Amino acid sequence: MTATPNLLSTDGRLPLHNPLAPPAGTDDQATTVKCTTCYMCACRCGIRVHLREGENGPEVRYIDGNPDHPINKGVICAKGSSGIMKQVSPARLTQPLRRKPGSERGAGEFEPISWEETFAILTERLSRIRATDPKKFALFTGRDQMQALTGLFARQFGTPNYAAHGGFCSVNMAAGMIYSVGGSFWEFGGPDLDRAKLFVMIGTAEDHHSNPMKIALSAFKRRGGRFISINPVRTGYSAIADEWIPIKPGTDGALFMALMHELIKHDRIDRPFLQRFTNAPQLVVLDEGEREGLFAFDPDPAKGPPGDGRNPHNKLVWDTTSGQVMAAYPEGIADGRSPALTGTYTLADGTRVAPAFQLLSQQVAECTPEWAQAITGIAAGRIRALAVEIGDTALKQAFELPIAWTDAWGKTHPTTVGRPVAFHAMRGLAAHSNGFQTVRSLAVMMSLLGTIDAPGGFRHKAPYPRHIVPNYRAFNDPEQVKPNTPLNAAPLGFPASPEELAIHADGSPLRIDHAFSWEHPLSAHGMMHNVITNAVKADPYRLDTLMIFMANMAWNSTMNTMAVREMLNRRGDDGEYQIPFLVVCDAFQSEMVAYADLVLPDTTYLERHDVMSMLDRPISEFDGPVDSVRVPVVAPLGQCKPFQEVLIELASRLKFPAFTGAEGARKFKDYPDFVVNFQPQPGIGFLMGWRGEDGTEHLRGAPNPKQWEMYEKNGCVFQYHLREDQQYMRNWNQSYLDFAKEKGWRQKNDPVQLAIYSDVLQLFRLAAQGKTAGRQPPEHLRERISTYFDPLPFWYPPLESACSDLYAYPLNAITQRPMAMYHSWDSQNAWLRQIHSHNYLHVNPVTALAAGIADGGWCWVESRWGKVRCMVRHSEAVEPGTVWTWNAIGKASGAWQLDPGADESRKGFLLNHLISEELPFTDGDGKSAGTISNSDPITGQAGWYDVRVRIRPAEPEEPEETFPQVAAPPPAPGVLGKAQKVLTYFAGRKTR
Ligand code: SF4
């Protein structure tokens, strides 16, 4: 390889570091390069892995970005290039393990067993459960990227007790946006920084879209774009913002409500957009009764196009031109019509109605900037000025692209209108118990500005937008949990009414995590954070086997860490563990492994096949769908086996129908074979590129036996560019909707009207108020449902605030993911540990000095639930009422094969000890009703960022180490341990 000319700087000199040149001191001939996809975070950049022959086959020598990859275009971050050290982590597990008979859980005493014994144990146990009561098996997974497979496994097993990590990550972001605009930030959509002029980022530090976001921000700033960051803390992306607006955690919803107040008051809204593309003009029934708060509709099925998912297009509007009521579509938007957005009206049958927008205007009427100032800490004048800036940018700096498109009602728009204000938000909004309504208020505000799938605004990524509500119902029928029978629906989905909840006739939860119950009706991603607590309480029943994949539930992936560790070992009156059998699959000896009865050693991302699929979480771009794969670039270490292969093997041995052919023969040889040949619908598979028997069809086509090879030849990625007239306004763009249906991304081709007003939420509220004939919540939950299921966005204080003494605990405490690390995976990475080996509590100097805590001093942080001792760093980049730290750096002493005296355990700490997974609960009469999950009452999203704390200096005689200190168990048999030889190799010496 030689340096390419385009690397020369303008004066003709070579750059200091030439990323395309072979690493110094290597023999170029001995190096081979293989492309695959990074998984050092969820961003999924394309990488090139440079390999050199070692004693036991190819070894990773170097990792850089793939310049031809659409996501990162060659850019790589510190984490990505440090994947090499993940391969040789001393904490790597290498063989299956069984807890030694007679040893205690948590003691970490294991004996090695073969995979054949492992499969025999699992097959015997799981087939017994499946043949008797399948719900007694629960499968919960961490930050994996194969939920299409894990979900299928659970469904075929016949258990509803399945979820991935979304419930404790950002389901509020997903659900709040999807129930409002049909798509979301995250992998599903984002800001169009190529054309935006103003970018407002809220509650985001490091992201799921890390390198692409940094590339886009860099270009945006160079073009002169203005970047405002609203966040309690100025770190990460915010560090390069033109303006930082500090805000108190959990109050973003109040800011959005005040911004909507200002936008509506001063008419800085896109009225034609609201009239045509949202439900803002649709008439809502005002009269009390079972139709109260629902849309009035024309019962004639011939009126309007067919149903939009479960949300039919038969609503009514008031036409101000003719002064009469008419069908919203198509009459209400015909030329010459002008649907009313304000006022109240009376239908022919005497029903009083008002447009949804009128109700929104009333909802925000009291939400003045002064009201929001008292909640958010942002001056009223700044809120007013921000409203002017976003409104004027959207409307007065609008532009038109010469792209004609035709909407779902046959109108051809000669151009595509750009609304150049883009927003982006993530966990800072989502990880609060008021997050769903906060995210909804942001989505509705964006809709008022017309900046949905518009150039310069928020843009969808295929397969989004979905219907509102998405046409995926979660399994919900207790009668359908039957021995040896797959479920008749997937365990996860999007409920559209109380009738779709997963509950028993008495209203009690069907699932172990209580997802989709009256406690958290729209918990679309499940509630992993409550599984262990509920299973130990046998609430609503006792499990037999809990399988956990890639989640460190005994440390940084759980709230209330010390109590959860105790629960994992708790025994019932019968002397048996409350969770009788615990299976842990992980690539590393994390703190969780000690609690396993059976340990399955997983591979790293460099040792296995993986798919980033349109059936799951693809890596699509704004201009079209993109999917990608990982291929093994090195052989698995020891006996490590990909979890995907474990599931395929178990599914075949358990003879799940989808995995078994005629006369019980297994259908799929292995995971790659499954990926190529499994088709949920004809022509649709896990991968969309190079389909058809000869690989000449894309998006849809017959299975191609050479599909893996073709991905490998093409850098492990497939990208499809939509036609230009299909790239925008996709909620209503008929050409796109037809195309998306044809390719299997949607069931229907009808438009997706934005939900300014959510009649879905109102259905739950009506049930809680006893106004409907169908399912009703239990008495103690009626007021809760009635309060939070407001069909219009609103702000309320996080639930923890109601049960904490805000004077005793005056500070908000939050965590962030550091840019150099992703969860606990990287805080044991030898290179990345050189960036962060421990964390501080970052405190504004005013707050720290008032508490008598010096910069670098030790302090106690106390919440109502627990306390930690840690070191403080003064920082003016945090608002004075908030303290924060990096997450997942603190470790148990000696865990992950770090030295027992390592910084991670002596100076590193977890904020998790201060957070409870449950809160006390009182019913509508103020009577105690036990406890309830510390989560959003709508979606079940874990309220990680709600905790209230106080700080005080540690006493001089106290040890200068963090509290609590926990000792990790001994190394598991076969764990890689210190790898001096490998470290020497990477110091630049040749192995031969
Ligand atoms: S941003 Fe994430 S996926 Fe991309 S190179 Fe860095 S760690 Fe890998």
Taking the Cα atoms of region 690-829, report the difference between the largest and smallest coordinate on each principal axis, in whole Å and largest first. 66, 52, 30
Where the Cα atoms of region 488-590 are projected onto their three principal axes, how long is each span, largest first, in whole Å? 42, 34, 27
Unit charges on C-beta of K, R, D, E only; dipole of region 823-971, Debye: 80
Return the ratio Rg/(2.2 N^0.38 Å) for the chain, where Rg is computed over Cα atoms only. 0.92
Cross-link pairs Lys396/Lys461; Lys706/Lys743; Lys537/Lys927; Lys34/Lys73; Lys86/Lys641; Lys265/Lys396 - those with Cα-Cα distance over 25 Å: Lys396/Lys461
Would you list, by chain and number, the aspartates and glutamates whose Cα falls below 12 Å from the Cα of Lys221, excluding same-chain residues fewer than 8 positions away? Asp194, Asp242
J(HN,Hα) series, region 910-921, from Karplus relation 6.51 cos²θ - 1.76 cosθ + 1.60, nearest Hz, glycine and proline x: 10, 6, 3, 5, 8, 10, 9, 7, 9, 10, x, 10
About its Cα centre, what dipole magnitude does the chain give when the only charges are +1 on Lys and Arg Cβ and -1 on Asp and Glu Cβ, stated in debye to the nearest 20? 1500
How much accessible area per residue does region 156-313 have, counting only protein heavy atoms and a probe of 1.4 Å, in square angstrom? 27
With unit charges on the beta carbons (Lys and Arg positive, Asp and Glu negative) and the dipole taken about the Cα centre of region 723-826, which residue among Val752, Thr787, Leu811 sits farthest to the positive side? Val752
Answer rounded, prolate or oblate for region 677-716, using the Cα gyration tensor with square roots of eigenvalues a ≥ b ≥ c: rounded when a/c is under 1.5, else prolate when a/b is larger than b/c, else oblate. prolate
Taking N as the number of residues in region 129-168, what is its Cα Rg relative to 2.2 N^0.38 Å? 1.15
Please give the Cα centre distance for region 162-196 versus region 622-667, rounded to the nearest Å. 27
Kindly identify region 870-918 as rounded, prolate or oblate by the Cα gyration tensor criterion: order the square roots of the eigenvalues as a ≥ b ≥ c, call it rounded if a/c is under 1.5, otherwise compare a/b with b/c, prolate if a/b is larger, else oblate. oblate
Treating every alpha carbon of region 807-958 as one equal point scatterer without solvent, the Debye formula yields log10 I(q)/I(0) values at q = 0.09, 0.13, 0.17, 0.21 Å⁻¹ of -0.33, -0.65, -1.02, -1.32
Counting only protein heavy atoms and using a 1.4 Å probe, what share of the accessible area of region 33-83 belongs to carbon plus sulfur, as a whole percent? 51
Add +1 for every Lys or Arg and -1 for every Asp or Glu among the other residues with Cβ under 11 Å from the Cβ of Lys669, and state the total. -2
What is region 604-690 by shape, rounded, prolate or oblate, if you read a ≥ b ≥ c off the alpha carbon gyration tensor as root eigenvalues and call it rounded for a/c under 1.5, prolate for a/b larger than b/c, and oblate otherwise? oblate
Applying the Karplus parametrisation 6.51 cos²θ - 1.76 cosθ + 1.60 with θ = phi - 60° to the phi angles of region 530-547, what ³J(HN,Hα) value in whole Hz is obtained for each residue in order, glycine and proline being reported as x? 10, 4, 5, 4, 5, 5, 5, 7, 6, 10, x, 7, 8, 7, 9, 10, 10, 10
Span per principal axis, largest first, for the Cα atoms of region 709-765 (Å): 54, 26, 18
Per-residue ellipticity at 222 nm attributable to helices in the chain (runs of n ≥ 4 DSSP H, -39500 (n - 2.57) apiece, nearest 500 deg cm²/dmol) works out to -6500 deg cm²/dmol
Taking a probe of 1.4 Å, how large is the accessible area per residue of region 549-609, in Å²? 23
Counting sequence-distant residues (5 or more places) and residues on other chains, those with an amide H built under 5 Å from that of Arg873 are Leu841, His842, Val843, Gly856
So the carbon and sulfur contribution to the accessible area of region 166-302, 1.4 Å probe, in percent, is 52
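The values are calculated or read from the model by the stated rules, or taken from the named source; none is laboratory data. Nothing here was measured: the structure is a model prediction, and the numbers come from that model. Every residue, glycine among them, receives a Cβ derived from its backbone with ideal geometry; neighbour counts consider all protein chains shown. Each accessible area value is taken on the protein alone, full model and side chains, heavy atoms only, with ligands, DNA and RNA left out. Shrake-Rupley method; radii C 1.70, N 1.55, O 1.52, S 1.80 Å.
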